[in-house]
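The values are calculated or read from the model by the stated rules, or taken from the named source; none is laboratory data. Not measured: the values here are computed from a predicted model. Cβ placement follows ideal geometry from the backbone for every residue including glycine, while neighbour counts extend to all protein chains displayed. We work out accessible area using only protein heavy atoms, side chains counted, and drop any ligands, DNA or RNA first. Shrake-Rupley method; radii C 1.70, N 1.55, O 1.52, S 1.80 Å.
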Amino acid sequence: MDTGGEIAPDVRSILNAARDRSGGGGRVAVDARSLPEAFDTAEADGRVPVIAEVKPTSPTTAGERRDDPVELAEQMVDGGAAALSVLTEPEHFGGSPEVLRRVREAVDVPVLRKDFVLYEEQLDVVEADVILLIVRFLEEEGTDDLEDLLAAARERGFQVLVETHTEREVEQAIDAGADIVGVNNRDLAELEVDLSTFEDVAPTVPENVTLIAESGLETPDDVTRMRTAGADACLIGSAIMAGDVRERTRQFTTSEETQS
Ligand SMILES: O=C(O)c1ccccc1NCC(=O)[C@H](O)[C@H](O)COP(=O)(O)O
């Protein structure tokens, strides 16, 4: 089944590469750090819950950041990040499972594995606290079913962030049993970012679901905008990676403090 409409050539290339990647060796069993609790801890400390992303490059980024990803991750935590996201996709994002393993060992916050998982065996590549499943990708011909993958991930101990872009995808995520939902402001057809996507889609997400605004946040005002629209947390990559990551993370995690 392929019901989700057009996707950009770069995204098609990401998807084709993901189809070719093998799974891990044995089945993983994760003792996960709680993502909702990490958000609550940040709020209790007066920090805006931010998932800071270690993202060396991407199809929409010029160049590649080659600093030690573990040092970058530690600086993000220093800057107040409630959780981290680490790209493990090698071909388009410069990531690797080994980097995630090293980062998770070095920090004590939850770590999201940011990759394009299509098949159950790909869950077994590396331990992480949270795994990403993208509704649109799992509509593609020959991929595993969202509900089955969600269950398989939970059986291994992962928490699951289910990524959506439309109201229809939110409905699919909720029907499949998601309790952590991301709304991605970047559309996979043109790779354009529009923060009103989150504002339009967020009201359709049930109150008891942990809701994350993803992509395209560039300033503390953008964080405030997403929080006003209902985000429990914001996932920020490029804007943090584009400079001093400790300082940039701090600007986002203290954005509500500086406005009150
Ligand atoms: O970031 C890209 O260029 C990209 C292109 C195609 C598919 C996915 C892509 N990004 C994955 C992500 O979800 C983002 O890395 C994440 O939400 C952070 O976004 P940003 O803050 O805009 O870097």
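What's the total number of residues in the range 178-213 that are in a loop (DSSP other than H, G, I, E, B), free of Cβ contacts under 8 Å to residues at least 60 places away in the same chain and under 18 Å from the mean Cα position of the chain (by Cα)?
Residues meeting the conditions: 9.
Among the residues in the range 42-58, are any away from the ligand (no atom under 16 Å from the Cβ) and within 30 Å of Glu190 (Cβ to Cβ)?
No.
Quick grid of which residues meet (1) within 16 Å of the ligand (Cβ to nearest atom); (2) of a type outside the set (A, V, I, L, M, F, W, C); (3) at pLDDT 95 or above:
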position	(1), (2), (3)
Arg186	yes, yes, yes
Asp200	no, yes, yes
Pro203	no, yes, yes
Ile212	yes, no, yes
Leu217	yes, no, yes
Ala231	yes, no, yes
Gln251	yes, yes, yes
Glu257	no, yes, no
Ser260	no, yes, no
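Given the conditions (1) within 16 Å of the ligand (Cβ to nearest atom); (2) under 26 Å from Glu120 (Cα atoms); (3) hydrophobic (A, V, I, L, M, F, W, C), and given that Ala62 satisfies all but one, which numbered condition is not satisfied?
Failed condition: (2).
Would you please name the residue that is nearest to Thr60 (Cα to Cα), looking only at residues in the range 189-204 that are in contact with a helix residue (DSSP H, G or I) (Cβ under 9 Å, 6 or more places away or on another chain) and crowded, with 21+ Cβ neighbours inside 10 Å?
Applying the filter and picking the extreme gives Phe198.
Being part of a loop (DSSP other than H, G, I, E, B) and at pLDDT 95 or above narrows it down to one residue among Asp175, Asp144; which is it?
Asp144
Out of (1) touching a Ser or Thr at 6+ places or on another chain (Cβ under 6 Å); (2) in contact (Cβ under 8 Å) with a residue 60 or more places away in the chain; (3) buried (at least 21 other Cβ atoms within 10 Å of the Cβ), what's the single condition that is false for Pro110?
(1)
Yes or no, residue by residue, for (1) assigned to a helix (DSSP H, G or I); (2) open to solvent by 20 Å² or more (accessible area, probe 1.4 Å); (3) of a type in the set (Ser, Thr, Tyr); (4) in contact (Cβ under 8 Å) with a residue 12 or more places away in the chain:
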residue	(1), (2), (3), (4)
Leu15	yes, no, no, yes
Gly26	no, yes, no, yes
Ala29	no, yes, no, yes
Ala32	no, yes, no, yes
Asp40	yes, yes, no, no
Glu53	no, no, no, yes
Arg66	no, yes, no, no
Ser85	no, no, yes, yes
Gly95	no, no, no, yes
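Is there a residue being at pLDDT 95 or above, more than 12 Å from the chain's Cα centre (by Cα), within 17 Å of Ala233 (Cα to Cα) and within 15 Å of the ligand (Cβ to nearest atom) anywhere in the range 120-131?
There is no residue in the range 120-131 that is at pLDDT 95 or above, more than 12 Å from the chain's Cα centre (by Cα), within 17 Å of Ala233 (Cα to Cα) and within 15 Å of the ligand (Cβ to nearest atom).
Is it the case that Val103 is touching a residue at least 24 places away in the same chain (Cβ under 8 Å) and either within 15 Å of the ligand (Cβ to nearest atom) or open to solvent by 10 Å² or more (accessible area, probe 1.4 Å) (or both)?
Taking the combined requirement at face value, the residue does not satisfy it.
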